[in-house]
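The values are calculated or read from the model by the stated rules, or taken from the named source; none is laboratory data. Bear in mind the structure is a predicted one, so any value in this text is a computation, not a measurement. Cβ coordinates were reconstructed from backbone atoms using ideal geometry, including for glycine residues, and neighbour counts include every protein chain displayed. The area values use the complete protein model at the heavy-atom level, side chains included, leaving out ligands, DNA and RNA. Shrake-Rupley method; radii C 1.70, N 1.55, O 1.52, S 1.80 Å.
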Amino acid sequence: MIIDVKNIVCRFDEIAAVDNVSLAVDKGEVVCIIGPSGSGKSTLLRCLNALEDIQEGEIIIDGFRIDSRHKEIHQIRLEVGMVFQNFNLFPHLTVLKNVNLAQRVVRKRKRDEATRISNELLNKVGLTDKINAFPGQLSGGQKQRVAIARALAMNPKIMLFDEVTSALDPEMIGEVLEVMKQLAKEGMTMLVVTHEIGFAREVANRIILIDEGKIVEEGTPEQVLDNPQNQRTREFLGKVL
Amino acid sequence: MNWLVEQLGILSKIFYFLIQVVHWTIIISVLAYLIALICGLFFGVARITSNRFIRWLAGAYINVLRGVPLLVLIFFFYFGLGKIINLDRLVAGVLAVGVCYGAYMAEIFRSGIEAIDYGQHEAAMSLGMTRWQTLRHIILPQSFRIVVPPAANEFIACLKDSSLVSIIGLRELTRAGREYANQYFLDFQTWLMVGLIYLILTLSLTRLVKVLEKKFAVHGYGVEKK
Ligand SMILES: Nc1ncnc2c1ncn2[C@@H]1O[C@H](COP(=O)(O)OP(=O)(O)O)[C@@H](O)[C@H]1O
Ligand SMILES: [Mg+2]
């Protein structure tokens, strides 16, 4: 078990965005998280690398307790890669430097080594010809693939994806999902918030449906998508399928 | 005709006299501005740290120094502090202008930092970067471009306000103008020339700022070119 979330609550002004959620994820597992907008999916992911504080419960990742006040929190954070809906690439740096930077300043790798790793990863996500471009010169799909390479460069044990295809034009969604499928095949532990039900069905070991901060349904893709037990799940699936 | 020639002669004499000291105006402004840059960067960053006390301290600095007339600050540094710890005119004058402009610069830096999308902080943090690493490698380089035009404008204001240090006897442009006017009773012509020289300086700087703005709008991002 690489992620162990026990009864966490994350509140904003008294309102619980994540409300008593427990979740255990094994190494190499791909868990897709679905649910209506505003149900707390992003907040749950953000709790996992301490971008949000939890008020109750505990999160243990690879044996370490996650606490944003912990002095070494940035050390623990680099075990958890995150890819955001809006890419959040560093606009003042080239693609190569976007991927190099944290390797150099956080992992303390030498420039040559960092560049070698970046080139490998950018090749893997199909962007070898863009290494010297600035983010502003890339399409949405290309940006998101850079963001994935940037996160992977830190050798995270877990990857979090927060609606990474939601800001993309339809024709670019495929190229990003393809990279994620490849990653899943290689055995990366992934938590994927997504509206791409087809992707979830194909790649997920488990699907979780969140509504109003709570897990209302959990199971294999077949169980959740084809034979949902909960009324909320049926309503949600009725809208998205 | 004779009158005009005579006047032009007077004006050029004054101009020649003033131009001998104009470098002091420039030296004082540049030194004061360097202090302002350092104070501004330090307190601008301090204004948004997580440490409450440091944040409060930076807020106090900014509010106090912006709330006191520069002339009073100059008197305080020269007559007040200067008498206690023995500051000479130049040091006292430069410090007064520098820390005063530091407060304005701090606000410029703070707003430049806050203008950067919070997603940038989050992306950096999720890569394991500390707050300081994030600031240094991600936030400040991006803020820099936003900050250049207003910060450069502060230099122009700083140059104009450097005339205030004439009052503690620093012999820069304004002081020299006063000497000349008092000695030859040529107030109209002298102050006309003093004003003209300041104007030449500020107008050339304004042009320079325009060039800088253009340069920083294009370079580094490759975004706007599209
Ligand atoms: N920083 C915040 N401050 C206040 N409320 C927030 C904040 N972030 C999220 N929320 C609230 O928490 C709830 C869950 O949000 P979120 O996790 O973003 O949902 P989802 O990702 O499922 O769309 C929403 O009601 C949202 O308004
Ligand atoms: Mg969300």
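Can you give me the ranges of the helices (runs of 4 or more DSSP H) entirely in segment B:56-148 with at least 2 residues that are among the β-branched types (Val, Ile, Thr)?
Passing ranges, in order: B:70-75, B:82-85, B:89-114.
Any chance you could count how many residues in segment B:114-129 are of a type outside the set (Phe, Trp, Tyr) and more than 7 Å from chain A (Cβ to nearest Cβ)?
6
In segment A:54-81, what count of residues is obtained for those that are touching a residue at least 24 places away in the same chain (Cβ under 8 Å) and surrounded by fewer than 14 Cβ atoms within 10 Å (Cβ to Cβ)?
Summing the residues that are touching a residue at least 24 places away in the same chain (Cβ under 8 Å) and surrounded by fewer than 14 Cβ atoms within 10 Å (Cβ to Cβ) in segment A:54-81 gives 2.
Given the conditions (1) facing chain B (nearest Cβ under 10 Å); (2) away from ligand 2 (no atom under 15 Å from the Cβ), and given that A:His70 satisfies all but one, which numbered condition is not satisfied?
Of the numbered conditions (1) facing chain B (nearest Cβ under 10 Å); (2) away from ligand 2 (no atom under 15 Å from the Cβ), the odd one out for A:His70 is (1).
Is it the case, given these coordinates, that A:Lys130 is touching a Leu at 6+ places or on another chain (Cβ under 8 Å) and either within 14 Å of chain B (Cβ to nearest Cβ) or surrounded by 18 or more Cβ atoms within 10 Å (Cβ to Cβ) (or both)?
yes
For segment A:5-24, how many residues are buried (at least 22 other Cβ atoms within 10 Å of the Cβ) and under 12 Å from A:Ile208 (Cα atoms)?
Result for segment A:5-24: 1.
Can you pull out every residue in segment A:82-111 that is facing another protein chain (nearest Cβ under 9 Å) and surrounded by fewer than 16 Cβ atoms within 10 Å (Cβ to Cβ)?
none
Here's the yes/no breakdown for (1) surrounded by fewer than 22 Cβ atoms within 10 Å (Cβ to Cβ); (2) without any contact (Cβ under 8 Å) to a residue 60 or more places away in the chain:
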{"residue": "A:Glu113", "(1), (2)": "yes, yes"}
{"residue": "A:Gly126", "(1), (2)": "yes, yes"}
{"residue": "A:Phe134", "(1), (2)": "yes, yes"}
{"residue": "A:Leu138", "(1), (2)": "yes, yes"}
{"residue": "A:Arg145", "(1), (2)": "no, yes"}
{"residue": "A:Arg150", "(1), (2)": "no, no"}
{"residue": "A:Ile158", "(1), (2)": "yes, no"}
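Give me a count of the residues in segment A:168-204 that are within 14 Å of chain B (Cβ to nearest Cβ) and either away from ligand 2 (no atom under 16 Å from the Cβ) or over 15 Å from the mean Cα position of the chain (by Cα) (or both).
0
Among the residues that make up segment A:213-236, is at least one of them within 15 Å of the chain's Cα centre (by Cα) and modelled with pLDDT of 95 or more?
No, segment A:213-236 contains no residue that is within 15 Å of the chain's Cα centre (by Cα) and modelled with pLDDT of 95 or more.
Is it the case that some residue within segment A:33-53 is part of a strand (DSSP E or B), open to solvent by less than 10 Å² (accessible area, probe 1.4 Å), within 16 Å of ligand 2 (Cβ to nearest atom) and under 27 Å from A:Asn155 (Cβ atoms)?
yes
Step by step: first the residues of segment B:64-80, then only those that are closer than 19 Å to B:Ile38 by Cβ and over 17 Å from the mean Cα position of the chain (by Cα), then the one that is most open to solvent (accessible area, probe 1.4 Å). Which residue is that?
By that ranking, first place goes to B:Val64.
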